[in-house]
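S.K.: Let me give you the structure first, and then I'll get to my questions.
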Amino acid sequence: MQDIIQLLPDNIANQIAAGEVIQRPASAVKELLENAVDAGATRIQLIINDAGKALVQVIDNGKGMSETDARMAFERHATSKIRDIEDLFRIKTMGFRGEALASIAAVAQVTLKTKRAEDELGTLINIENSRVVNQEPCATEVGTSISMKNLFFNVPARRNFLKSNAAEMRHIVDEFIRVAMAFPNIFFSLSANGQELFHLEAGNHKQRIVQILGSTYTARLVPIQEKTDYLTISGFIGKPETARKTRGDQYFFVNNRFIKSAYLNHAVNAAFDGIIPKDSFPGYVLYIDLDPAQIDINVHPTKQEIKFEDEKIIYAFIQAAVKHALAQFSIAPSLDFSLNADIQQLDAVSKPFTNEQQQATVSSGLYQTFSRSNQAHAIEPTEKSKLGDWRDFFKQSSINNLQSEKQQITDSRLIRLGGEDSSKSFLQINNTYILLNHLSGFLLVHQQLAHERILYEKYSVAMHKQQVATQQLLFPVTLDLTAADAALLHDMISDLVQIGYVVEPFGNNSFVIQGCPADVVAGNEKNTIELLIEQFKHFSSDIKYSKREKLVRCMARQQSVKAGQSLTDKEMESLVSDLFEYITPNVSPNGSPTYIEFKEDYLDRMFGK
Ligand code: ADP
Ligand code: MG
């Protein structure tokens, strides 16, 4: 028997390794921007064509590379940033794994132009499929320009996995924003298909945040600044009124690296407890700096997750710092600095919150103004039940259906309502199920799934045939979004019209809501759109649905009566009769049953009759 194991050729090994680092154009954007930052650039330009599928180019004025380094840079595990394992715990650069350029060169056509200040001529290299196809001296500016063309041209299967241009562009903008927010002292620009989308002059953190999130934030950011021996936390939290239904504006940076951490995010949310509505999210941009030895960055290929030596301290510290800022700026209605006792004792945590400071804050004139509820800017209790809103909506739809309701009651498929007195015909169980007589057995209807089904039908018809009537708003509502959410909403505008929303772009990631379907309760216009965007994102990984289909599903889910809401007899009645108007009433849009039927003979059998 012959031996069968072989070493993979370099280009194949690199292609496989690239899968970890470069998943989409946005991954290359992140790596190239970080390299430019590491090279000490003060100006970084990002140029995109066709959502990065055709071109991702980064031009920087950093330190450039020598001819030999330029060639070496594309080797796997080639890095100038660490030399031994000890260095891993002192990392001050964004990169260190030496994989990005090798990966990019394995899955795209790459052109590098680079020159150091001390060299007269620069170096030009073309690489394709991990092979250098051309290298020559060239005249160029000090710094580096790398362009990556036709990503995955040699791996068609992965190219096919790329999403729509709108979706890929959204990822690119997200990555761009994350790097730009971390380094406000660097000029950044982003152009896509020849149009400049961002032009961010160097400035301080606040200026950069406002440049990115929009000028409506200028007066709505509360600064945070706490310094201890263990760590420093700085940045801004949004005032309660900036809280949204979407998670858009939440950023954590640890040693200038954007990270995702549900745990730390929870710390901020917890500090906002009782200040903003339960289902909304506070905006924040927080920079945490600590000794690199206290974190392990090398737990995730794209370094978006990191491990803290002691995550609990960080959690407690963040929560306390946010509460402190809210209290200092007289936003929190009550001062509650209670912390887990162990953690409280840590100097790191307890330092900023002396009793005197608390006292001083509470007695300050500003605090008093905020806590008196007759003040215009006082913070109201947030437990506003949505039930009222929903009821109004439901009434609307039952009026529309009054006519058909009558017919349905006599329809053979529906349900003998047990005599004239229909109020006895429905029984709500657990505020979730509706029990009703049916033929000689009974039906158990799941109120939320049933309502989702009804709304799904209603919106589908609207989307494909006739438009839902729009009610013009007397006072149009403005909506400020993050760049990424704005891109998404732009894409949805024409479909939204079909279902009754008139939304107009207003420049700078702002929109004006001019009209809404009549169902939407006044005052709720903004929430519904924000929620819609958030849900749309969750659906966006689902490729089997068209954009419209996703929208319809989101709307149905969003507007449906939820399990746990108590319903009046009238409401139950119209829900049931609406449901049976449709041809396939027994499944929800995502395939769960909307009701279960218990037939007489089945019941008899259960009782051994
Ligand atoms: P890493 O950033 O992890 O070191 P990369 O593959 O991203 O690995 O880059 C390899 C090396 O190429 C870097 O260590 C750096 O020395 C050099 N390099 C990459 N991009 C640039 C740039 N824009 N300017 C100067 N040097 C660069
Ligand atoms: Mg790198």
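S.K.: Along the Cα-to-C-beta direction of Asp291, a point sits 7 Å from the Cα; which residues of the stretch 64-105 have their amide N less than 12 Å from that point?
M.R.: 90
S.K.: Can I ask one more? For the stretch 275-289, take each phi angle, set θ = phi - 60°, evaluate the Karplus expression 6.51 cos²θ - 1.76 cosθ + 1.60, and give the result in whole Hz per residue in order, putting x for glycine and proline.
M.R.: Here the 3J(HN,Hα) series is 9, 10, x, 4, 9, 10, 10, x, x, 7, 10, 10, 10, 10, 10 Hz.
S.K.: Arrange the peptides 427-438, 313-324 so that the one whose residues have, on average, the most other Cβ atoms within 10 Å appears first.
M.R.: Per-residue mean Cβ counts within 10 Å order the peptides as 313-324, 427-438.
S.K.: Let me ask something else about it. Counting Lys and Arg as +1 and Asp and Glu as -1, what is the net charge of the other residues whose Cβ lies under 14 Å from the Cβ of Leu603?
M.R.: Here the charged neighbours net out to -1.
S.K.: Calculate the spin-label point distance for Ser494 paired with Ala166, positioning each point 7 Å from the Cα along the beta-carbon direction, and give it in nanometres.
M.R.: Rounded to a tenth, the inter-label distance reads 0.9 nm.
S.K.: Compute the distance in nm between two label points, each set 7 Å from the Cα along the Cα-to-Cβ direction, one at Glu20 and one at Lys206.
M.R.: The two pseudo-label positions are separated by 4.3 nm.
S.K.: Could you calculate the contour length gain from Asp273 to Asp84, that is, 0.36 nm times the residue separation minus the distance between their Cα atoms, to one decimal place in nm?
M.R.: Gain in length upon complete extension: 63.5 nm.
S.K.: How many nm is it between the label spots at Ser440 and Ala262, if each spot is 7 Å from the Cα in line with the beta carbon?
M.R.: 5.1
S.K.: Another question about this same structure. What percent do you get for the relative contact order of the stretch 412-609 when only Cα pairs under 8 Å and 6+ apart count?
M.R.: 33
S.K.: How large is ³J(HN,Hα) for each residue in the stretch 558-573, as worked out from phi by the Karplus curve 6.51 cos²θ - 1.76 cosθ + 1.60 (θ = phi - 60°), to whole Hz, x for Gly and Pro?
M.R.: Here the 3J(HN,Hα) series is 5, 8, 6, 5, 9, 4, x, 8, 7, 10, 7, 4, 4, 5, 4, 4 Hz.
S.K.: Sticking with this structure for a sec: Let me have the relative contact order for the stretch 10-200, percent, based on Cα pairs under 8 Å that are six or more residues apart.
M.R.: Details: 410 pairs, mean separation 54.2, N = 191.
For the stretch 10-200, the relative contact order is 28 percent.
S.K.: Okay, next question. Say R0 is 45 Å: what FRET efficiency, to the nearest 0.05, do Lys465 and Thr68 get from their beta-carbon distance?
M.R.: 0.10
S.K.: Still on this structure: In whole angstrom, how far apart do the alpha carbon centroids of the stretch 92-116 and the stretch 128-172 sit?
M.R.: 11
S.K.: Just to check I understand the Karplus step: with θ = phi - 60° and J = 6.51 cos²θ - 1.76 cosθ + 1.60, what whole-Hz values come out for the stretch 28-42, glycine and proline as x?
M.R.: Here the 3J(HN,Hα) series is 5, 4, 4, 5, 5, 5, 5, 4, 5, 4, 4, 7, x, 5, 10 Hz.
S.K.: Further question: Using the heavy atoms of the protein chains alone and a 1.4 angstrom probe, what is the accessible area of the stretch 412-609 per residue in square angstrom?
M.R.: On the way: 9390 Å² over 198 residues.
For the stretch 412-609, the solvent-accessible area averages 47 Å² per residue.
S.K.: What FRET efficiency, computed as 1/(1 + (r/R0)^6) with R0 = 60 Å and r the Cβ-Cβ distance, is obtained for His199 and Gln558, rounded to the nearest 0.05?
M.R.: The computed FRET efficiency comes out at 0.95.
S.K.: Oh, and also: Leaving out ligands, DNA and RNA, and with a 1.4 Å probe, what % of the accessible surface on the stretch 412-609 is carbon or sulfur?
M.R.: Numbers: 5010 of 9390 Å².
Summing carbon and sulfur atoms, their accessible area is 53 percent of the total for the stretch 412-609.
S.K.: Mind ranking 65-72, 168-175, 54-61 by how tightly packed they are, going by the mean number of other C-beta atoms within 10 angstrom, highest first?
M.R.: Highest-to-lowest ranking by the protection proxy: 168-175, 54-61, 65-72.
S.K.: Give a quick list of GluC sites (Glu not before Pro) in the stretch 258-319 that DSSP marks as loop, anything other than H, G, I, E or B, with at most 10 other Cβ atoms within 10 Å.
M.R.: Loop-located and lightly packed - none at all.
S.K.: Ranked highest first by the average count of other Cβ atoms within 10 Å around their residues, in what order do 440-447, 155-162 fall?
M.R.: 440-447, 155-162
S.K.: Pairs of alpha-carbon atoms within less than 8 angstrom and 6+ residues apart define the contacts here; what relative contact order does the stretch 207-328 have, in percent?
M.R.: 29
S.K.: Another question about this same structure. Report, as a whole number in µm² per second, the diffusion coefficient that Stokes-Einstein gives for the stretch 92-185 at 25 °C and 0.890 mPa s using the Kirkwood radius over alpha carbon pairs. Write out the running numbers ahead of the final one.
M.R.: Values: Rh = 15.5 Å.
Stokes-Einstein gives a translational diffusion coefficient of 158 µm²/s.
S.K.: Mind checking the full-extension length gain between Glu118 and Asp3? Use 0.36 nm per residue of separation minus the Cα-Cα distance, one decimal, nm.
M.R.: The Glu118-Asp3 span can extend by a further 36.1 nm.
S.K.: Ignoring ligands, DNA and RNA, what percent of the accessible area of the stretch 207-328 is carbon or sulfur (1.4 Å)? Show your work: numbers first, answer last.
M.R.: Details: 2150 of 4460 Å².
After summing per-atom areas, the C and S share lands at 48 percent.
S.K.: To check my understanding: the extent here is largest minus smallest coordinate of the Cα atoms along each principal axis. What are those three numbers for the stretch 412-609, in Å, largest first?
M.R.: 71, 37, 31
S.K.: If you count only protein heavy atoms and use a 1.4 Å probe, how large is the accessible surface of Ser234, to the nearest 10 Å²?
M.R.: Ser234 exposes around 20 Å² with every protein chain in place.
S.K.: If you don't mind, there's one more thing I want to ask. How many angstrom separate the Cα center of the stretch 190-245 from the Cα center of the stretch 1-41?
M.R.: 32
The values are calculated or read from the model by the stated rules, or taken from the named source; none is laboratory data. All values derive from a computational prediction rather than experimental measurement. So basically every Cβ, Gly included, is an ideal-geometry build from the backbone, and we count neighbours across all protein chains shown. Heavy atoms of the whole protein, side chains included, go into the accessibility calculation; ligands, DNA and RNA do not. Shrake-Rupley method; radii C 1.70, N 1.55, O 1.52, S 1.80 Å.
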